[in-house]
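The block underneath contains the structure these notes are about, expressed in structure tokens.
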């Protein structure tokens, strides 16, 4: 009776480990494919933004940052549909492509062209302010909702890792997305009367 | 930025009277981007004093020959 019980236990343990391995293989396959496809899309768009000289450098950089955000969020949604939401957070590694933004406009700068002037600086200042202000508003809103939902004297257990991740990565995505959108809106409103 | 400013300018007119200078040529000479010249001509951007002097210098005219103050009805009401 005991040996049969232990044999059953070891079989279920073996099955669980096989399941875990299969899940890991499936995760790395799906994640790898998504990262490769997303990287190709991002690099193609980056090349287009480097070559496009008709738009201002700040506008092209904003477009690129926005594309990286969109691709990352799409990957995250796709991954959370296939796996659990914790595993889908791995797609936020794509945000590292923001680091390539500096390449846009570098060639013009090397040729001695003005890439950012007083108007661009003003737009950048307004966009950054809007981005950080939206982060602050969201933070206060989340705090307010939590206060209203749980009450002022409630004790809420929360994982430091998850909270830190959402605060840092979520905040970064929010600030970058809002500032990129504001930048694009301001350039779009000014882009009238384009002649030679 | 975006909406029409209370300062009108004759940049486009002066460009055409200066050997049909292109927006890019003017932008290079006053050290700004072409998009800023587009926004200036459209009246969507008010330049700094320094940029206004640079633009006037390129055309060889006074600043007031390039930029004119033209208050809107709202601005006049504010002043009153």
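We did not get these values from a lab; they are worked out from the coordinates using the rules stated. Since this is a predicted model, take the numbers as computed values, not measurements. For neighbour counting, all protein chains shown are included, and Cβ atoms are generated from backbone atoms with ideal geometry for every residue, glycine included.
Each principal axis of the Cα cloud of the range A:1-74 was taken in turn, and the coordinate range along them, longest first, works out to 80, 15, 11 Å. For the residues A:146, A:107, A:154, a GNM of chain A with alpha-carbon springs under 10 Å puts the largest fluctuation on A:154. Considering only A:109, A:86, A:19, the mean-square fluctuation computed in a Gaussian network model of chain A, springs between alpha carbons under 10 angstrom, is largest for A:19. Exposure proxy shown here: for A:157, B:62, the number of other Cβ atoms within 10 Å sets the order, fewest to most, as A:157, B:62. The label-point distance for residue A:155 and residue B:24, in a model that sets each label 7 Å from Cα toward Cβ, rounds to 6.9 nm. Counting beta carbons within 10 Å around each of A:69, A:93 and listing the fewest first gives the order A:93, A:69. Between residue A:89 and residue A:25, the simple spin-label model (points 7 angstrom out along Cα→Cβ) gives 2.8 nm.
Listing B:65, A:120, B:19, A:155 from fewest to most neighbouring C-beta atoms within 10 Å gives A:155, B:19, B:65, A:120. Once Rg and the Kirkwood radius are both taken over the C-alpha atoms of the range B:7-79, their ratio Rg/Rh works out to 1.00. Over the protein assembly as shown, DSSP H runs of length four or greater, each weighted -39,500 (n - 2.57), average out per residue to a 222 nm ellipticity of -22500 deg cm²/dmol. Across A:90, A:24, A:130, mean-square fluctuation computed from a Gaussian network of chain A (C-alpha pairs under 10 Å connected) peaks at A:24. Between residue A:39 and residue A:148, the simple spin-label model (points 7 angstrom out along Cα→Cβ) gives 4.5 nm.
Roughly what % of Cα-Cα distances in the range A:67-113 sit above 18 Å, to the whole percent? That fraction is 45 percent.
If you wrap the tightest convex hull around every Cα atom of the range A:62-141 and split its volume per residue, you get 100 Å³. Shown is the FRET efficiency for residue A:77 and residue A:188, computed with R0 = 25 Å from the Cβ-Cβ distance and rounded to the nearest 0.05: 0.40. The Rg/Rh ratio of chain A, with Rg taken over Cα atoms and Rh as the Kirkwood radius over Cα pairs, comes to 1.15. Once C-alpha pairs closer than 8 Å and six or more residues apart are averaged by separation and normalised to the residue number of the range B:7-79, the relative contact order reads 41 percent. Restricted to Cα atoms, the range A:122-196 shows a radius of gyration and a Dmax of 17.7, 65 angstrom.
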